[in-house]
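Beneath this line is the structure, given in structure tokens, with notes to follow.
The values are calculated or read from the model by the stated rules, or taken from the named source; none is laboratory data. In this text the structure is predicted, and so the values were computed from the model without any measurement. Counting neighbours? That spans all protein chains shown, and the Cβs are built from the backbone with ideal geometry, glycine included. Side chains included, ligands, DNA and RNA excluded: accessible areas come from the protein's heavy atoms. Shrake-Rupley method; radii C 1.70, N 1.55, O 1.52, S 1.80 Å.
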Amino acid sequence: QVQLAESGGGLVEAGGSLRLSCTASGVTFRRVTMGWFRQAPGKEREFVGAISWSSGETDYADSVKGRFIMSREKAKDTMYLQMISLEPEDTAVYFCAAKSSYIYTSRTGYEFWGQGTQVTVSR
């Protein structure tokens, strides 16, 4: 059974940075794309970014391009989301997700989800 566990959320001032981690276990499929999503209070969950596990290629939402960077560490089965220049609008619960697919540019089809980690950016 695939399990995803996020960590690294917290409270930070605007302009600050945070790094989120997502550790996966039980992943047995070979074609893997992992992604980050977020959901702010009263809003729908939205795509943040995705990474191809095999190649490391990434895709980002326009709202975070140039501020957020995704990476993965295969030996630790862990994906990271480095966030800089954080804005109050980035406040949300951040979820990591995974799907059995090479198509990291498709922002749908995620099958497995973590429980989420809260990121709060103060003004």
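So if I place +1 on the C-beta of Lys and Arg and -1 on the C-beta of Asp and Glu, and nothing else carries charge, what would the dipole magnitude of the chain be about its Cα centre? I want it in debye, nearest 20. Let's see the in-between values first.
On the way: 14 positive and 13 negative charges, 59 e Å.
So the dipole magnitude of the chain works out to roughly 280 debye.
Any chance you could list the semi-axes, whole Å, largest first, of the equivalent ellipsoid that the Cα gyration tensor gives for the chain, using √(5λ)? All intermediate terms of the calculation are to be shown ahead of the outcome.
Details: eigenvalues 107, 38, 36 Å².
Whole-Å semi-axes of the equivalent ellipsoid: 23, 14, 13.
Once the convex hull of the C-alpha atoms of segment 1-70 is built, how many Å³ does it hold per residue, rounded to a whole number?
Working: hull volume 8.3 nm³, N = 70.
It comes to 119 Å³ per residue, whole-number rounded.
Stretch Gln1-Thr28 to full length: gain in nm at 0.36 nm per residue minus the Cα-Cα span?
Taking 0.36 nm per residue and subtracting the Cα distance, the gain is 8.8 nm.
Could you give the nm distance between label points at Arg19 and Arg107, where each point is 7 Å from its Cα heading toward the beta carbon?
It is 2.7 nm.
Counting Lys +1, Arg +1, Asp -1, Glu -1, what net charge surrounds Ala40 among other residues with beta carbon under 13 Å of its beta carbon? Display every interim value, and only then the final one.
Numbers: positive: Arg38, Lys43, Arg45; negative: Glu44, Glu46, Glu87, Glu89, Asp90.
In short, -2.
Rank Ala75, Ala14, Ala98 by mean-square fluctuation in a GNM of the chain with C-alpha springs under 10 angstrom and give only the top-ranked residue.
Of Ala75, Ala14, Ala98, the most mobile in the Gaussian network model is Ala75.
Report, in whole Å, the centroid distance computed from the Cα atoms of segment 60-123 and segment 33-53.
Between the Cα centres of segment 60-123 and segment 33-53 lies a distance of 5 Å.
Of the residues Gly66, Gly109, Gly42, which exhibits the maximal mean-square fluctuation in a Gaussian network model of the chain defined by a 10 Å Cα contact cut-off?
Gly42
Compute a Gaussian network model of the chain, connecting alpha carbons closer than 10 Å, and tell me which residue from Arg19, Arg30, Arg72 fluctuates the most.
Greatest mean-square fluctuation among the candidates belongs to Arg30.
Would you mind working out the accessible area per residue for the chain, using a 1.4 Å probe, and quoting it in Å²? Each step should come with its number before you reach the end.
Details: 6530 Å² over 123 residues.
That works out to 53 Å² for each residue.
Nearest-5 percent of antiparallel DSSP beta bridges in segment 11-123? Show your work: numbers first, answer last.
Working: 33 of 36 bridges.
Restricted to segment 11-123, the bridges split so that about 90 percent are antiparallel.
Could you please state how large a percent of the accessible area of the chain is carbon and sulfur, counting protein chains only and using a 1.4 Å probe? Spell out each step's value before the answer.
Numbers: 3010 of 6530 Å².
Ligands and nucleic acids excluded, carbon and sulfur give 46 percent.
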